[in-house]
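All remarks here apply to the structure that follows.
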Amino acid sequence: MIIHTGKVKAIKDSQLSVEIVQTSACSACHAAKLCRVSETSEKTVFVTVSDSGRFRVGQNVTVCGSESQGMKAVAMAFGLPLVLVILALAVSTVVWDDDRIAALIGLAVLVPYWLILYRFRDRIGKKFSFRVIADV
């Protein structure tokens, strides 16, 4: 399970908007502020709950998602685009025998991919769900 603690930012019908802070592995180090390698970022996840009345804005909650969902997300965000770029580079290098054209085609193939992901973001978003496992 992927578990994060976050804060409820908004409640709309049966959906909570929870802001989580993701930190890098070295952020717990006592020298993290000095070395500037540590990284934190705030993300917002949406959690559908059956009883939204028990939550309030500003409340700390713990949310979780399955590890397989995380792997699917990584595959969609990094794995498939990498495969597309490599295939486009290989095919265009054979067809045109010009590295510049191959590089442009390799990058250009990502544009329709990201547009397709954007177009189907709602359908894809339904496959990725978090749930509240604890009120903190």
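Only residues that are closer than 14 Å to R131 by Cβ and either among the acidic types (D, E) or open to solvent by 40 Å² or more (accessible area, probe 1.4 Å) (or both) were counted in segment 44-53, giving 4.
Take V91 and decide whether it is among the β-branched types (V, I, T), open to solvent by 70 Å² or more (accessible area, probe 1.4 Å) and over 20 Å from the mean Cα position of the chain (by Cα). Criteria met by V91.
In segment 60-76 there is no residue matching the filter, namely being over 13 Å from the mean Cα position of the chain (by Cα), of a type in the set (A, V, I, L, M) and open to solvent by 70 Å² or more (accessible area, probe 1.4 Å).
The values are calculated or read from the model by the stated rules, or taken from the named source; none is laboratory data. Note that the structure is a prediction, hence the values are computed from the model and not measured. Counting neighbours? That spans all protein chains shown, and the Cβs are built from the backbone with ideal geometry, glycine included. Heavy atoms of the whole protein, side chains included, go into the accessibility calculation; ligands, DNA and RNA do not. Shrake-Rupley method; radii C 1.70, N 1.55, O 1.52, S 1.80 Å.
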